[in-house]
Amino acid sequence: MKALVYGAEKDLPDETFGEWVSCADTAIISIDMHEGHLSEDPMCPCPAPRGREIIAPVNAFHREARALGVPIVHVRSILRKGGQDDLAGAHPAAWRTLFPLTVGAIPGEAEHALEGTKWTEFSTEVLDQDLIVETKRRLSPFYPTDLDFLLRSMGIKRVVLNGGMTDCCVLNATFDASNIGYRVCVAADLVRGTNEEMEDAALKMVSLHTGLVMQSKEILRVWGGETG
């Protein structure tokens, strides 16, 4: 199988790394592919415009994965209407103070992920058979959600990650998942981050410390070889 190791494509031995991307006991975790990041509205509360590039490719990957029987878990951030989880709480999320230092003021920032707003609507396809985790309050889809509980209840041993942002929530997810015992794979062409430089750095970190980095076509090729 082929993987990106510190940015360079390499052939990895199946006998060692096959278990990392085996189709069995695997779930896809799709992170924050919702309007709060991907809308083209100028009031988008936490814009991640590079992520718009992967909406269609993520949908296509999910369709092929469903056909192979791989479950898909969509994770999104939803904060209580009163903001107790964030701005109205004792410990507002750090990104609200730090991110504007780079990107400037964000006009709709106060509405990010608020329950009942249009910003929590998914931008990607979500089917009835898919699963949803929507208690993500901070950067990791594992905190403070029930994602780990769900995956273990399903008997999942491996996760394939897509979505955004590569250098933020996706990177956090790889560390948390690896630290609690999951085999991790990131679909390199199905994640987007702050910019190409940050995406590259994040994927290199993953390949060194937390999991495999592979192209989605290669992941599907491996899965197809197991089930075909």
Residues located in region 25-60, provided they are open to solvent by 50 Å² or more (accessible area, probe 1.4 Å), farther than 16 Å from Val126 by Cα and of a type in the set (A, V, I, L, M, F, W, C)
Met43
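Yes/no matrix, rows are residues, columns are (1) free of Cβ contacts under 8 Å to residues at least 40 places away in the same chain; (2) over 24 Å from Ile54 (Cβ atoms); (3) in contact with a Leu (Cβ under 9 Å, 6 or more places away or on another chain):
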| position | (1), (2), (3) |
| --- | --- |
| Ala93 | no, no, yes |
| Pro100 | yes, yes, no |
| Pro107 | no, yes, no |
| Ala113 | no, no, yes |
| Lys118 | no, no, no |
| Ser123 | no, no, yes |
| Val126 | no, no, no |
| Glu134 | no, no, no |
| Pro141 | no, no, yes |
The one condition in (1) crowded, with 18+ Cβ neighbours inside 10 Å; (2) out of contact with any helix residue (DSSP H, G or I) (no Cβ under 9 Å at 6 or more places or on another chain); (3) not in a helix (DSSP H, G or I) that Leu161 fails to fulfil
(2)
Being β-branched (Val, Ile, Thr) and not in a loop (DSSP other than H, G, I, E, B) narrows Val170, Val126 down to just Val170
For region 200-215, does any single residue satisfy the condition of being touching a helix residue (DSSP H, G or I) at 6+ places or on another chain (Cβ under 6 Å), farther than 14 Å from Ile29 by Cβ and either among the acidic types (Asp, Glu) or surrounded by fewer than 19 Cβ atoms within 10 Å (Cβ to Cβ) (or both)?
no
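Those residues that are of a type in the set (A, V, I, L, M) and buried (at least 23 other Cβ atoms within 10 Å of the Cβ), I need them from region 185-199; list them, please.
In the first step, residues of region 185-199 are kept if they are of a type in the set (A, V, I, L, M); the result is 186-188, 190-191, 198.
Val186, Ala187, Ala188, Leu190, Val191 - these are the residues of region 185-199 that are of a type in the set (A, V, I, L, M) and buried (at least 23 other Cβ atoms within 10 Å of the Cβ).
The values are calculated or read from the model by the stated rules, or taken from the named source; none is laboratory data. Fair warning: this is a prediction, and the values are worked out from it, not measured in the lab. Quick reminder, even Gly has a Cβ in these numbers, built from the backbone with ideal geometry, and neighbours come from all protein chains shown. We work out accessible area using only protein heavy atoms, side chains counted, and drop any ligands, DNA or RNA first. Shrake-Rupley method; radii C 1.70, N 1.55, O 1.52, S 1.80 Å.
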